[in-house]
C-alpha cells in the first residue's frame with residue numbers, strides 16, 4: 001500500500017471517528033469540536049511528516065556521491081556518516097515522531113549533526 005493510500009485510509013477513519021464522537025456529543029461547543037478534530041488530524045499529520053522525512057536521501061547519506069553529501073555548517077567540510085541513529089521529535093501539535101537516519105560527524109570540528117533535509 002502506498003503512503004498516499006495509507007493517508008487516505010487514515011483520513012477516512014478519522015472522519016468516521018469524529019462523526020461518531022459528534023453523534024454522542026450533541027451539545028459540544030465550537031471549541032470542543034475544534035479540539036476533537038484537531039486532535040485526530042494531528043495524528044495523521046504526524047504520520048505524514050514521518051513518512052515524508054523517511055524519504056529523504058539523507059536517511060543514509062554514506063551511499064551518496066561526495067558532492068551530494070551534507071557539509072559541516074561550521075567549516076564546510078564533508079560530514080562522515082556516524083551510522084543510523086533514532087531521533088524523537090515533537091510536532092507543533094504535540095505528537096511524537098520517531099525517525100531513523102544518518103547522523104553526520106565532522107572530523108575537523110569533532111562535532112555530530114543530524115543534517116537538515
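Screening residue 67 with (1) over 14 Å from the mean Cα position of the chain (by Cα); (2) surrounded by 15 or more Cβ atoms within 10 Å (Cβ to Cβ); (3) at pLDDT below 85 gives one miss only, at (2). Residues that are surrounded by 15 or more Cβ atoms within 10 Å (Cβ to Cβ) and either modelled with pLDDT under 95 or within 26 Å of the chain's Cα centre (by Cα) (or both) within region 18-37 comprise 18, 36, 37, listed in sequence order.
Would you confirm whether or not region 94-117 contains a residue that is assigned to a loop (DSSP other than H, G, I, E, B), surrounded by 14 or more Cβ atoms within 10 Å (Cβ to Cβ), at pLDDT below 90 and in contact with a helix residue (DSSP H, G or I) (Cβ under 6 Å, 6 or more places away or on another chain)? Talk me through it step by step, then tell me what you get.
First, pick out the residues of region 94-117 that are assigned to a loop (DSSP other than H, G, I, E, B): 94-95, 107-110, 114-117.
Those left that are additionally surrounded by 14 or more Cβ atoms within 10 Å (Cβ to Cβ): 95, 109, 114-115.
With the extra rule that they be at pLDDT below 90, the set shrinks to 114-115.
Cutting the leftovers down to in contact with a helix residue (DSSP H, G or I) (Cβ under 6 Å, 6 or more places away or on another chain) gives us 115.
Yes, there is a match, as at least one residue in region 94-117 is assigned to a loop (DSSP other than H, G, I, E, B), surrounded by 14 or more Cβ atoms within 10 Å (Cβ to Cβ), at pLDDT below 90 and in contact with a helix residue (DSSP H, G or I) (Cβ under 6 Å, 6 or more places away or on another chain).
Among the residues that make up region 38-52, is at least one of them more than 17 Å from the chain's Cα centre (by Cα), assigned by TED's automatic domain parsing to the domain that holds residue 7, assigned to a helix (DSSP H, G or I) and modelled with pLDDT of 90 or more? Yes, region 38-52 has at least one match.
Only residues that are under 11 Å from residue 61 (Cβ atoms) and in contact (Cβ under 8 Å) with a residue 24 or more places away in the chain were counted across region 94-112, and they come to 3.
Residues that are surrounded by 12 or more Cβ atoms within 10 Å (Cβ to Cβ), over 13 Å from residue 58 (Cβ atoms) and within 19 Å of the chain's Cα centre (by Cα) within region 73-93 comprise 89, 91, 93, listed in sequence order.
The values are calculated or read from the model by the stated rules, or taken from the named source; none is laboratory data. Quick caveat: nothing in here was measured; it's all calculated off a predicted structure. Reconstructed Cβ throughout: ideal geometry from the backbone, glycine too, with neighbour counts over all protein chains shown.
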